[in-house]
Amino acid sequence: MKIVNLRMHQLRKLKELVLERGTLNTEALMLVLKKNQAKTEKEERMLFKYLDAQDDEKIMGRKMYALNLLNSSEYYKQIKELIIPDTIIVVDNKIAGFALPLIENHTNLGIFISKEENNLRKKLDYLKQVGKILHQVQEVKEESFKMNFGDFNEFNFIIDKSDIVRAIDLDSVYVGQDEPSHTAYYLLKNKYLESIPDKYKLSPSGIMVPNDDTDLYCYNIILLNTIAEEPMYKKDIDTYYKYLYHLKDIGMDKELIKIFYSIYLSKPNQNPLPLLKTIHPELKEEMSYKTFKKEYKIKD
(Lines give C-alpha, C1' and ligand atoms only; values in the text may rest on other atoms or scores of the structure.)
Protein backbone atom coordinates (compact mmCIF):
# COMPACT_ATOMS: atom_id res chain seq x y z
CA MET A 1 0.00 0.00 0.00
CA LYS A 2 1.12 3.56 -0.70
CA ILE A 3 1.60 6.07 2.11
CA VAL A 4 0.70 9.77 2.03
CA ASN A 5 2.02 11.94 4.87
CA LEU A 6 0.13 15.04 5.97
CA ARG A 7 0.46 17.59 8.73
CA MET A 8 -2.48 18.58 10.89
CA HIS A 9 -2.59 22.05 9.32
CA GLN A 10 -2.91 20.39 5.89
CA LEU A 11 -5.66 18.12 7.19
CA ARG A 12 -7.68 21.09 8.40
CA LYS A 13 -7.63 22.58 4.90
CA LEU A 14 -9.15 19.52 3.23
CA LYS A 15 -12.72 19.85 2.04
CA GLU A 16 -15.34 17.46 3.34
CA LEU A 17 -17.11 15.37 0.69
CA VAL A 18 -20.77 16.35 0.54
CA LEU A 19 -22.71 13.08 0.66
CA GLU A 20 -26.14 12.60 -0.84
CA ARG A 21 -28.90 13.28 1.64
CA GLY A 22 -29.86 10.05 3.38
CA THR A 23 -26.49 8.31 2.94
CA LEU A 24 -25.53 6.14 5.91
CA ASN A 25 -22.16 7.21 7.28
CA THR A 26 -21.55 6.91 11.00
CA GLU A 27 -17.94 5.77 11.00
CA ALA A 28 -15.71 8.38 9.40
CA LEU A 29 -15.26 11.91 8.16
CA MET A 30 -15.03 11.84 4.36
CA LEU A 31 -12.43 14.25 2.99
CA VAL A 32 -11.14 14.91 -0.53
CA LEU A 33 -7.42 14.81 -1.26
CA LYS A 34 -6.35 17.09 -4.08
CA LYS A 35 -4.38 15.72 -7.00
CA ASN A 36 -1.01 16.95 -5.74
CA GLN A 37 -1.73 15.60 -2.24
CA ALA A 38 -2.92 12.21 -3.45
CA LYS A 39 0.34 11.60 -5.36
CA THR A 40 -1.25 9.09 -7.71
CA GLU A 41 0.14 8.11 -11.10
CA LYS A 42 -3.06 9.18 -12.85
CA GLU A 43 -3.24 12.44 -10.90
CA GLU A 44 -6.76 11.59 -9.81
CA ARG A 45 -8.46 12.97 -6.73
CA MET A 46 -8.84 10.58 -3.83
CA LEU A 47 -11.40 10.06 -1.09
CA PHE A 48 -9.87 10.06 2.38
CA LYS A 49 -11.72 8.26 5.20
CA TYR A 50 -10.52 10.07 8.31
CA LEU A 51 -10.87 7.53 11.14
CA ASP A 52 -8.74 9.18 13.79
CA ALA A 53 -11.78 10.20 15.83
CA GLN A 54 -12.40 6.53 16.64
CA ASP A 55 -9.26 6.46 18.75
CA ASP A 56 -9.37 2.68 18.67
CA GLU A 57 -6.07 1.09 17.72
CA LYS A 58 -7.53 -2.42 17.59
CA ILE A 59 -10.14 -1.43 15.00
CA MET A 60 -7.52 0.43 12.96
CA GLY A 61 -5.21 -2.58 13.15
CA ARG A 62 -7.94 -4.93 11.90
CA LYS A 63 -8.69 -2.60 9.00
CA MET A 64 -5.01 -2.34 8.06
CA TYR A 65 -4.65 -6.11 8.20
CA ALA A 66 -7.64 -6.60 5.89
CA LEU A 67 -6.56 -3.93 3.39
CA ASN A 68 -3.00 -5.22 3.23
CA LEU A 69 -4.31 -8.68 2.35
CA LEU A 70 -6.70 -7.33 -0.30
CA ASN A 71 -3.99 -5.19 -1.89
CA SER A 72 -1.64 -8.17 -2.06
CA SER A 73 -4.27 -10.44 -3.63
CA GLU A 74 -4.10 -11.03 -7.37
CA TYR A 75 -7.56 -12.64 -7.26
CA TYR A 76 -9.71 -10.11 -5.42
CA LYS A 77 -7.99 -7.22 -7.23
CA GLN A 78 -9.18 -8.73 -10.52
CA ILE A 79 -12.76 -7.92 -9.49
CA LYS A 80 -12.80 -4.40 -10.91
CA GLU A 81 -16.06 -3.50 -9.18
CA LEU A 82 -14.29 -3.61 -5.80
CA ILE A 83 -12.93 -0.16 -4.93
CA ILE A 84 -10.15 -1.24 -2.58
CA PRO A 85 -8.43 1.49 -0.52
CA ASP A 86 -4.79 1.32 -1.52
CA THR A 87 -3.29 4.26 0.37
CA ILE A 88 -2.58 4.79 4.06
CA ILE A 89 -2.93 8.37 5.28
CA VAL A 90 -0.53 9.37 8.05
CA VAL A 91 -1.13 12.63 9.92
CA ASP A 92 1.70 13.87 12.15
CA ASN A 93 3.25 10.40 12.20
CA LYS A 94 0.01 8.68 13.21
CA ILE A 95 -2.14 6.50 10.93
CA ALA A 96 -5.38 8.45 10.50
CA GLY A 97 -7.24 6.53 7.83
CA PHE A 98 -7.24 5.25 4.28
CA ALA A 99 -7.75 6.67 0.81
CA LEU A 100 -9.26 5.27 -2.36
CA PRO A 101 -9.88 6.65 -5.86
CA LEU A 102 -12.73 9.16 -5.79
CA ILE A 103 -15.49 8.06 -8.17
CA GLU A 104 -16.68 11.38 -9.57
CA ASN A 105 -20.36 12.05 -10.26
CA HIS A 106 -21.58 8.84 -8.67
CA THR A 107 -24.97 7.96 -7.19
CA ASN A 108 -25.34 6.01 -3.97
CA LEU A 109 -27.27 2.80 -4.63
CA GLY A 110 -29.07 2.97 -1.29
CA ILE A 111 -30.35 6.46 -2.07
CA PHE A 112 -31.48 5.38 -5.54
CA ILE A 113 -33.38 2.37 -4.19
CA SER A 114 -35.01 4.38 -1.42
CA LYS A 115 -36.69 6.77 -3.85
CA GLU A 116 -40.16 5.45 -4.63
CA GLU A 117 -40.32 7.35 -7.91
CA ASN A 118 -37.35 5.45 -9.35
CA ASN A 119 -38.19 2.60 -11.71
CA LEU A 120 -38.33 -0.86 -10.07
CA ARG A 121 -36.87 -2.49 -13.18
CA LYS A 122 -33.82 -0.21 -12.94
CA LYS A 123 -33.47 -0.93 -9.22
CA LEU A 124 -33.47 -4.67 -9.94
CA ASP A 125 -30.93 -4.21 -12.75
CA TYR A 126 -28.56 -2.55 -10.30
CA LEU A 127 -29.20 -5.26 -7.69
CA LYS A 128 -28.33 -7.89 -10.30
CA GLN A 129 -24.94 -6.20 -10.58
CA VAL A 130 -24.61 -6.39 -6.79
CA GLY A 131 -25.43 -10.11 -6.95
CA LYS A 132 -22.71 -10.59 -9.58
CA ILE A 133 -20.15 -8.84 -7.38
CA LEU A 134 -21.11 -11.06 -4.45
CA HIS A 135 -20.91 -14.15 -6.66
CA GLN A 136 -17.42 -13.19 -7.90
CA VAL A 137 -16.17 -12.62 -4.36
CA GLN A 138 -17.55 -15.93 -3.09
CA GLU A 139 -16.13 -17.82 -6.08
CA VAL A 140 -12.53 -16.90 -5.21
CA LYS A 141 -11.09 -20.22 -4.09
CA GLU A 142 -7.39 -19.87 -4.89
CA GLU A 143 -6.50 -17.20 -2.31
CA SER A 144 -4.90 -18.07 1.03
CA PHE A 145 -7.60 -16.11 2.87
CA LYS A 146 -11.33 -15.64 2.43
CA MET A 147 -13.02 -12.26 2.16
CA ASN A 148 -16.52 -11.51 3.41
CA PHE A 149 -18.19 -8.13 3.51
CA GLY A 150 -18.16 -6.69 6.99
CA ASP A 151 -21.31 -4.68 6.39
CA PHE A 152 -23.26 -5.74 3.31
CA ASN A 153 -25.91 -3.10 2.67
CA GLU A 154 -27.06 -1.09 -0.35
CA PHE A 155 -25.49 2.14 0.94
CA ASN A 156 -22.04 0.56 0.55
CA PHE A 157 -22.45 0.41 -3.23
CA ILE A 158 -22.36 3.26 -5.71
CA ILE A 159 -23.37 3.68 -9.35
CA ASP A 160 -20.70 5.37 -11.45
CA LYS A 161 -21.32 7.59 -14.47
CA SER A 162 -21.04 4.54 -16.75
CA ASP A 163 -23.97 2.91 -14.89
CA ILE A 164 -21.69 0.31 -13.29
CA VAL A 165 -22.26 -0.65 -9.65
CA ARG A 166 -19.14 -0.66 -7.47
CA ALA A 167 -18.53 -1.80 -3.90
CA ILE A 168 -17.09 0.70 -1.42
CA ASP A 169 -16.36 0.73 2.34
CA LEU A 170 -14.03 -2.22 1.88
CA ASP A 171 -11.88 -1.33 4.87
CA SER A 172 -14.65 -3.06 6.84
CA VAL A 173 -14.29 -6.45 5.13
CA TYR A 174 -13.66 -9.53 7.24
CA VAL A 175 -10.71 -11.75 6.32
CA GLY A 176 -10.51 -13.90 9.44
CA GLN A 177 -9.37 -11.30 11.96
CA ASP A 178 -9.63 -12.20 15.63
CA GLU A 179 -12.75 -10.04 15.93
CA PRO A 180 -15.00 -8.30 13.38
CA SER A 181 -14.99 -4.50 13.59
CA HIS A 182 -18.75 -4.30 14.04
CA THR A 183 -22.00 -6.11 13.28
CA ALA A 184 -23.49 -5.49 9.84
CA TYR A 185 -26.48 -3.16 9.67
CA TYR A 186 -28.98 -5.90 8.72
CA LEU A 187 -27.68 -8.31 11.35
CA LEU A 188 -28.03 -6.09 14.42
CA LYS A 189 -30.01 -7.55 17.33
CA ASN A 190 -31.79 -10.08 15.14
CA LYS A 191 -33.12 -12.76 17.48
CA TYR A 192 -34.09 -15.02 14.58
CA LEU A 193 -30.51 -15.17 13.31
CA GLU A 194 -29.15 -15.67 16.82
CA SER A 195 -31.42 -18.72 17.16
CA ILE A 196 -29.37 -20.45 14.40
CA PRO A 197 -25.84 -20.22 15.90
CA ASP A 198 -24.32 -22.88 13.62
CA LYS A 199 -25.20 -20.74 10.60
CA TYR A 200 -24.94 -17.24 12.02
CA LYS A 201 -22.05 -17.31 14.49
CA LEU A 202 -21.39 -14.77 17.22
CA SER A 203 -17.91 -13.77 18.35
CA PRO A 204 -17.03 -13.91 22.08
CA SER A 205 -18.00 -10.23 22.35
CA GLY A 206 -21.38 -10.79 20.70
CA ILE A 207 -20.59 -9.46 17.22
CA MET A 208 -21.94 -11.57 14.36
CA VAL A 209 -19.02 -13.02 12.39
CA PRO A 210 -19.30 -12.35 8.63
CA ASN A 211 -19.43 -15.43 6.38
CA ASP A 212 -21.07 -16.41 3.10
CA ASP A 213 -24.40 -16.95 4.84
CA THR A 214 -24.45 -13.49 6.45
CA ASP A 215 -23.53 -11.80 3.14
CA LEU A 216 -26.25 -13.75 1.33
CA TYR A 217 -28.76 -13.02 4.08
CA CYS A 218 -28.13 -9.30 3.64
CA TYR A 219 -28.39 -9.53 -0.15
CA ASN A 220 -31.69 -11.43 0.02
CA ILE A 221 -33.06 -8.91 2.51
CA ILE A 222 -32.05 -5.98 0.29
CA LEU A 223 -33.97 -7.58 -2.58
CA LEU A 224 -37.05 -8.17 -0.44
CA ASN A 225 -36.92 -4.66 1.02
CA THR A 226 -36.82 -3.30 -2.53
CA ILE A 227 -39.67 -5.45 -3.85
CA ALA A 228 -41.87 -4.89 -0.79
CA GLU A 229 -40.92 -1.22 -0.40
CA GLU A 230 -40.70 -2.03 3.28
CA PRO A 231 -37.91 -3.02 5.74
CA MET A 232 -38.68 -6.75 5.78
CA TYR A 233 -35.76 -7.52 8.09
CA LYS A 234 -37.71 -5.83 10.89
CA LYS A 235 -40.78 -8.07 10.54
CA ASP A 236 -41.58 -10.90 12.91
CA ILE A 237 -41.09 -14.35 11.45
CA ASP A 238 -44.80 -15.09 10.99
CA THR A 239 -45.39 -11.88 9.03
CA TYR A 240 -42.27 -12.53 6.98
CA TYR A 241 -43.47 -15.98 5.89
CA LYS A 242 -47.01 -14.73 5.25
CA TYR A 243 -45.55 -12.14 2.89
CA LEU A 244 -43.69 -14.89 1.03
CA TYR A 245 -46.94 -16.82 0.66
CA HIS A 246 -48.45 -13.64 -0.76
CA LEU A 247 -45.67 -13.46 -3.33
CA LYS A 248 -46.33 -17.08 -4.23
CA ASP A 249 -50.05 -16.37 -4.66
CA ILE A 250 -49.39 -13.57 -7.15
CA GLY A 251 -47.12 -15.81 -9.23
CA MET A 252 -43.55 -15.25 -8.10
CA ASP A 253 -41.17 -18.06 -9.04
CA LYS A 254 -41.35 -20.88 -6.47
CA GLU A 255 -37.59 -21.50 -6.50
CA LEU A 256 -36.91 -17.85 -5.75
CA ILE A 257 -39.35 -17.94 -2.85
CA LYS A 258 -37.58 -21.05 -1.50
CA ILE A 259 -34.34 -19.05 -1.41
CA PHE A 260 -36.03 -16.21 0.49
CA TYR A 261 -37.65 -18.78 2.79
CA SER A 262 -34.38 -20.50 3.69
CA ILE A 263 -32.60 -17.47 5.21
CA TYR A 264 -34.23 -18.31 8.55
CA LEU A 265 -33.52 -22.03 8.28
CA SER A 266 -30.35 -23.94 9.17
CA LYS A 267 -29.57 -24.80 5.51
CA PRO A 268 -26.99 -22.68 3.62
CA ASN A 269 -28.20 -19.47 2.00
CA GLN A 270 -28.18 -19.12 -1.77
CA ASN A 271 -27.54 -16.30 -4.23
CA PRO A 272 -30.86 -15.66 -6.03
CA LEU A 273 -29.10 -13.88 -8.92
CA PRO A 274 -30.03 -16.45 -11.67
CA LEU A 275 -33.71 -16.14 -10.72
CA LEU A 276 -34.02 -12.35 -10.59
CA LYS A 277 -35.04 -12.40 -14.25
CA THR A 278 -38.29 -14.09 -13.15
CA ILE A 279 -39.39 -11.03 -11.15
CA HIS A 280 -41.94 -8.94 -13.05
CA PRO A 281 -41.54 -5.22 -12.25
CA GLU A 282 -44.99 -4.53 -13.72
CA LEU A 283 -46.37 -6.31 -10.63
CA LYS A 284 -44.81 -3.66 -8.39
CA GLU A 285 -48.09 -2.74 -6.71
CA GLU A 286 -49.13 -6.36 -6.16
CA MET A 287 -45.70 -7.20 -4.65
CA SER A 288 -45.74 -4.25 -2.27
CA TYR A 289 -46.04 -4.80 1.46
CA LYS A 290 -48.80 -2.19 1.46
CA THR A 291 -50.98 -4.41 -0.75
CA PHE A 292 -50.11 -7.52 1.26
CA LYS A 293 -50.89 -5.75 4.53
CA LYS A 294 -54.29 -4.69 3.26
CA GLU A 295 -55.24 -8.13 1.91
CA TYR A 296 -54.02 -10.05 4.97
CA LYS A 297 -55.28 -7.40 7.41
CA ILE A 298 -51.85 -7.17 9.04
CA LYS A 299 -51.44 -4.77 11.96
CA ASP A 300 -47.82 -3.76 12.50
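Summary of computed values
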quantity	calculated
Segment 202-246: C-alpha gyration tensor shape, a/c 1.5 cut-off, then a/b vs b/c	prolate
Computed helical MRE - 222 nm, the chain, DSSP H runs ≥ 4 contributing -39500 (n - 2.57), nearest 500	-10000 deg cm²/dmol
Portion, in percent, of the accessible area of the chain that falls on carbon or sulfur, probe 1.4 Å	49 percent
Debye, to nearest 20: dipole size of segment 127-286, +1 on Lys, Arg Cβ, -1 on Asp, Glu Cβ	340 debye
With at most 15 other Cβ atoms within 10 Å, longest stretch of the chain clear of loop GluC sites (Glu not before Pro) (DSSP)	144-300
Evaluated at q = 0.08, 0.10, 0.16, 0.17 Å⁻¹: base-10 log I(q)/I(0), Debye formula over Cα of segment 103-250	-0.24, -0.38, -0.95, -1.06
Shape call, segment 181-274: gyration tensor on alpha carbons, a/c limit 1.5	prolate
Gyration tensor (alpha-carbon) shape descriptor, segment 256-300, a/c threshold 1.5	oblate
Computed magnitude of the charge dipole of the chain (debye, nearest 20; Cβ of K, R +1, Cβ of D, E -1)	400 debye
Förster radius 51 Å - calculated FRET efficiency between Lys132 and Asn5, Cβ distance, rounded to 0.05	0.85
Cα lying deepest toward the dipole's positive end in segment 186-275, options Ser195, Pro231, Val209, charges on Cβ	Ser195
Accessible surface, per residue, of the chain when the full set of protein chains is kept, probe 1.4 Å, Å²	52 Å²
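The values are calculated or read from the model by the stated rules, or taken from the named source; none is laboratory data. Predicted model, so just to flag it, every value in this text is computed and none were measured. Cβ sites come from the backbone with ideal geometry, for glycine too, and all protein chains shown count toward neighbours. All accessible areas refer to the heavy atoms of the entire protein, side chains included, with ligands and DNA or RNA removed. Shrake-Rupley method; radii C 1.70, N 1.55, O 1.52, S 1.80 Å.
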